[in-house]
Amino acid sequence: MYWGRSFASQMSGKQKVSTGISPSGYIHFGNVREVMTGDIIHKSIQMENMDSHFIYLCDDIDPLRKVYPFLPESYAEHVGKPLRDIPAPEGPLKYSEYFIQPFIKTMERLNIRPEVIRTGELYRDGKLGDIIDESIRKRGAIRNILEKFSGRELEDDWFPYNPRCAQCGRISSAKVTGYREGKVSYECSCGHKGESDIYKDEGKLPWRVEWPAKWKVLGVTVEPFGKDHGTQGGSYDTGKAISEQVFGYRAPEPMMFERILLKGKGAMHSSTGINIPAEEMLRFAPPEIIRYVIARVPPARYIDFDPGPGFLNLVDEYERLYRMLREGNLDQDKKTLLDLCNAGRSQDEIPDYRHLTTLVQIYSDDSRIGSIINNGEVKFRDDILKERISMAREWIRLYAPEESKFRISRTDDPVEMTPGQKTVICALHSELSSSVSWTPESIHESARKAIEKSGMEPAAGFASIYFAIIGKERGPRLGFFLSGLDRDSVMKRLIFLCGE
RNA sequence: GGGUCUGUAGCUUAGCCAGGUAGAGCGAUGGACUCUUAAUCCAUAGGCCGGGGGUUCGAACCCCUCCAGACCCGCCA
């Protein structure tokens, strides 16, 4: 059974799937797996005929941990302040919004539409107040769990609430000095003494307590998370114990997922620079392919993503499955997979990606490509065409391997050819001259005849033609390829080489 | 040092939870289509299921152990 369905089929009743992120920097493709895993589970639960609600938590009250490499030195003064309080690297938005808003748009284009909840607002609206109070009152029990499960000793003055200093704005640089009726008094390292109201966004729970607190307050029943949380003594372990033993709430069903590696480079990290930003993915990869990359692999396995040559194969593989789906030839598992990838895909025809990667290298003019590709029986919608052409261009520019790239030779570009090769070119010229139509089929037929007449091996004959047109031994399927070129200029090129 | 997850054909993988002859796609090779690339169809090859041990009539599957990769066992998320 498809992994999502098999996971979902073990559940019963109404479900709430939750996942989220701390918007501390540029969000990359690796982070997409998290929300995508949640989305697959959410949709799988619905396929099993259960109600499911999907939420995405943006932890915008988390403090800035350090001056990341992409930030100017001046951010040193903001370290320790909530991400929602500090300015973005550019523009009018706050730091957290600057990073999360484009990602929400990316999710929408991937047809992932969770309810987005800002954790800062949960605090601000007092939704977490009661459970903060409970955590403070039961801090002994929480402390025991943390020490027992993680094997570490907490400091004597450990307190399950980090006030935000009213003067310097930092979280976690203040020492708690007392608690009374929802007010936490503190003394900050900046010298300020004050009080935080736990029913406002004047502080936050430490992560290991905040996680189970959110489970209970929001009623979470399923949560996917990276394997770093899932280790023994890790935050899921302690969260589960705190949730069940302290808060009396059954911990959500966990789903651990591995990370995405970039082929030949290693794990994606925002800090190491080894990553593809989420928005950039959508500039070259169609949404259904992005979904396919993640959905096809069980979460526990890492994904070795190759944006280069392997990417085209992946697109081909996907389109093959898509055709089979339309013909009703897929088994149940593959059908489920495709349904999950296609969610939101237009019913309109979509042009072949590989085909476009060739056309965009011949023409710089998009409308020309449009008229060529709309020449056949199948017509494509303008906006789809435009988007896919742009994607193919981007792929060629950023990720195409050399063997997929070519440049059309000019009429008089010099080429050294053997007499045999020249014979093929001359024969091709005469075949094409006597042919009426300039279609892939007739061109291919002409090429076949020309090669036959020249007495050359087919493979070598085709190589000669590619050599003449693009200076390489291999190229796109010849008939289709030449048919996309201007007939006159092809003929001129052939005459030039033949007459030389 | 301790723990978790992963390891099945060249590549991507199904099967593992409930043990019973290892399946598929891509790629490769060969062939067909009055014939040749990134097209279609057919066929073939390719696996001591990471290694070893155990339980069992029988293990890819359960148990132990070793190897490899990733992550965790400080803080933070």
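Based on alpha-carbon atoms, the Kirkwood radius and the radius of gyration of the stretch A:66-111 give Rg/Rh equal to 1.06. Here the alpha carbons of chain A define both size measures, Rg and Dmax, at 29.8, 98 Å. Only beta bridges with both residues in chain A are counted; by DSSP, about 50 percent of them are antiparallel. Per-residue extension of 0.36 nm, minus the Cα-Cα distance of A:Met491 and A:Glu147, leaves a gain of 115.8 nm for this segment. Taking a ≥ b ≥ c as the square roots of the eigenvalues of the Cα gyration tensor, the stretch A:281-338 is oblate, since a/c reaches 1.5 or more and a/b is not larger than b/c. When the alpha carbon coordinates of the stretch A:419-499 are projected onto the principal axes, the ranges are 27, 23, 21 Å, largest first. Dipole magnitude for the stretch A:419-499: computed about the Cα centre from +1 point charges on Lys and Arg Cβ and -1 point charges on Asp and Glu Cβ, it is near 160 debye.
Pairs exceeding 31 Å between alpha-carbon atoms, taken from A:Lys16/A:Lys138; A:Lys66/A:Lys386; A:Lys334/A:Lys472: A:Lys66/A:Lys386; A:Lys334/A:Lys472. In the context of the full set of protein chains, residues of chain A present 47 Å² of accessible surface per residue (probe radius 1.4 Å, heavy atoms only). On the accessible surface of the stretch A:7-67, probed at 1.4 Å, how many percent belong to carbon and sulfur atoms? Taking all protein chains in place, the stretch A:7-67 shows 41 percent carbon and sulfur surface. Farthest towards the positive end of the charge dipole of the stretch A:25-162, among the residues A:Phe159, A:Gly140, A:Ser74, is the Cα of A:Ser74, using unit charges on the Cβ of Lys, Arg, Asp and Glu. Summed over qualifying helices (DSSP H, 4 residues or more, each -39500 (n - 2.57)) and divided by its residue number, chain A shows a 222 nm mean residue ellipticity of -14000 deg cm²/dmol. Toward the positive end of the charge dipole of chain A, with +1 on the Cβ of Lys and Arg and -1 on the Cβ of Asp and Glu, the farthest Cα among A:Ala285, A:Tyr363, A:Phe380 is that of A:Ala285. As a calculated quantity, the FRET efficiency between A:Ile384 and A:Thr177 at R0 = 45 Å, using C-beta atoms, amounts to about 0.10. Using Cβ point charges alone (K and R +1, D and E -1), the dipole size of the stretch A:129-204 about the Cα centre works out to roughly 100 debye.
The values are calculated or read from the model by the stated rules, or taken from the named source; none is laboratory data. Model, not experiment: these values are computed from the prediction. Counting neighbours? That spans all protein chains shown, and the Cβs are built from the backbone with ideal geometry, glycine included. These accessible areas exclude ligands, DNA and RNA; they are computed on the full protein's heavy atoms, side chains included. Shrake-Rupley method; radii C 1.70, N 1.55, O 1.52, S 1.80 Å.
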